[in-house]
Amino acid sequence: MAFSFRHNPAARAGVGAAAAAMTAALVCTPTAARADEPSITVEVTPTGSTRYYESCSNTETWGVAAGRESPDFDKGNYQVCSYPSSGVAFNPWANGLGGEYNSTARDHVIEQSHGEWYPRSLKSLCPYWMPAGPNRSALISEIVQTYQVKLIYKYPDGTIQVADTTQATYSGNKSVSWNPGCWTR
């Protein structure tokens, strides 16, 4: 089924764009369906935003303490936290009908968030000195925005049915702090 997309103009309106984005839904309008089939629309509505903190789960050590096989062994001693710059995640769809629309919903979530279309792989480096060695922990701070996602059937007789729902999150605006005493480089 081919889709054309229509965006809610309230989400882009002047000075109140941020406020409007939190209350406006982004809707996909499909092209005409066969006479006996419903047209299908994916609707994405912002539901909230919060700052979230998590420990860096992808860490490594470069340099002397890691041994000669370490990346960039000759460039210095670093503790390294690797993390994606942003991401979109979905809960399972309530009725299992909407999974094939995740790509469309993902695009709408990114647009609503004013987020990145292509996340980058980032590394935060924190130098360490011998003999103390690597002795810091990394904490990732990010903004997490939440969304209600609906799969809507619109029948030719005018009947509208919410066929499936799920929740989505967009995480971005990430930074890494090190404890003790080292900040993102």
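The values are calculated or read from the model by the stated rules, or taken from the named source; none is laboratory data. Please read all numbers here as calculations on a predicted model, not as lab measurements. Don't worry about glycine lacking a Cβ; one is built from the backbone with ideal geometry, like all the others, and counts go over all protein chains shown. Surface accessibility is based on the protein's heavy atoms, side chains included, excluding ligands, DNA and RNA. Shrake-Rupley method; radii C 1.70, N 1.55, O 1.52, S 1.80 Å.
Counting protein heavy atoms only, the range 101-146 has 57 percent of its accessible area on carbon and sulfur, 1.4 angstrom probe. Taking amide H positions as modeled 1.01 Å from N, with prolines and chain starts lacking one, the residues under 5 Å from residue 58 and 5 or more places away or on another chain are 82.
To the nearest 0.05, how large is the calculated FRET efficiency for residue 141 and residue 68 if R₀ is 25 Å and r is the Cβ-Cβ distance?
0.15
What is the list of residues in the range 78-109 whose amide nitrogen lies under 15 Å from a point 7 angstrom out from the Cα of residue 161, following Cα to Cβ? Only 95-98 fall inside the zone, counting backbone N under 15 Å. Annotation for residue 75 and residue 116: the two label points, set 7 Å from Cα along the Cα-Cβ direction, are 1.8 nm apart. Each Cα pair under 8 Å and six or more residues apart adds its sequence gap; the mean of these over the residue count of the range 123-185 is a relative contact order of 43 percent.
Using the average count of surrounding beta-carbon atoms within 10 Å as a protection proxy, the listed peptides 126-137, 50-61 rank, highest first, as 126-137, 50-61.
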